[in-house]
Amino acid sequence: MTPTHYLATALQNIYDGSPWIDVTLTSHLKEINSRQAVQQIKGSNCIWQIVNHMVFWHQRVMRHLNNEKLEQDGDLPDFYMPENHGEANWQATLHRLEHSFALMVTAIREFPEDKLYEVLPGMEQLSIYYLQGIIEHDAYHLGQIVLLQKYQ
């Protein structure tokens with residue numbers, strides 16, 4: 001298995017596969033409705049904000065990989081919380097998350113192997129560590145979602 005295939009599979013597993021941590025985003029998010037998604041516990045970010053934060057960072061990583069401007073017109077802010085807390089809007093947010101995972105997995109799988117150990121433009125980090133970082137980031141936020149769901 002190539003490093004990019006391994007990284008892409010690890011990210012996909014966190015979303016809806018069989019990760020070694022034995023929990024996935026889809027298994028938890030499918031049980032959460034819009035009312036639960038907006039609940040905060042002692043000032044924490046709510047699940048909806050965390051989901052939007054993950055989408056925000058997938059977009060940012062994709063732009064780094066493509067050497068694009070990080071902030072563009074029309075971008076939602078980090079930890080975005082919409083005014084409309086309806087179920088249809090929550091489902092649209094979950095669809096955006098699914099789409100962002102699909103794009104990230106494809107981008108990682110297609111990332112040139114010979115560039116994995118090069119520093120990304122405008123950063124001081126090797127590409128492979130940056131890609132591994134988004135996986136760790138998503139696993140961390142999956143843990144937050146699990147805990148927020150548990151304590152609701």
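A few comments on the model shown:
- Ellipticity estimate at 222 nm from DSSP helix runs (n ≥ 4, -39,500 (n - 2.57)) divided over the chain, nearest 500: -19500 deg cm²/dmol
- One equal scatterer on each Cα of region 3-150, no solvent, Debye formula: the resulting log10 I(q)/I(0) at q = 0.17 Å⁻¹ is -0.97.
- In a reduced charge model with +1 at each Lys and Arg Cβ and -1 at each Asp and Glu Cβ, region 3-150 shows a dipole moment near 400 debye about its Cα centre.
- Rounded to whole Hz, the Karplus (6.51, -1.76, 1.60) HN-Hα couplings of region 10-23, x for glycine and proline: 4, 5, 4, 4, 5, 6, 8, x, 10, x, 5, 6, 6, 9
- With at most 13 neighbouring Cβ atoms within 10 Å, loop trypsin sites (Lys or Arg not before Pro) (DSSP) excluded, longest segment of the chain: 70-152
- The ranking of SER18, SER34, SER100 from fewest to most other beta carbons within 10 Å of each one's beta carbon is SER18, SER34, SER100.
- Taking TYR15, TYR130, TYR117 in turn, the Gaussian network model of the chain (Cα-Cα springs below 10 Å) assigns the largest fluctuation to TYR117.
- Neighbour net charge for GLU98 - beta-carbon separation under 12 angstrom, K R +1, D E -1: +1
- Top of ALA107, ALA88, ALA139 by mean-square fluctuation, Gaussian network on the chain, Cα under 10 Å: ALA88
- Region 66-97: chymotrypsin sites (Phe, Trp or Tyr not before Pro) in DSSP loop, at most 16 other beta carbons within 10 Å: PHE79, TYR80
- Between HIS64, HIS85, HIS141, the residue with the greatest mean-square fluctuation in the GNM of the chain (Cα pairs under 10 Å linked by springs) is HIS85.
- Label-point separation in nm, SER18 to LEU70, each point 7 Å along Cα→Cβ: 3.8 nm
- Farthest towards the positive end of the charge dipole of the chain, among the residues GLN59, HIS141, SER44, is the Cα of SER44, using unit charges on the Cβ of Lys, Arg, Asp and Glu.
- Working from Cα pairs under 8 Å separated by at least six residues, relative contact order for the chain is 35 percent.
- The charge dipole of region 82-152, taken about its Cα centre with unit charges on the Cβ atoms of Lys, Arg (+1), Asp and Glu (-1) only, comes to about 220 debye.
- Options ILE21, SER100, GLY122, ranked by Cα towards positive dipole end of the chain, top entry (Cβ charges): ILE21
Every read-out reported here was derived from the displayed coordinates using simple, explicitly stated rules and does not represent laboratory data. All values reported here derive from a predicted model rather than from experimental measurement. Cβ sites come from the backbone with ideal geometry, for glycine too, and all protein chains shown count toward neighbours.
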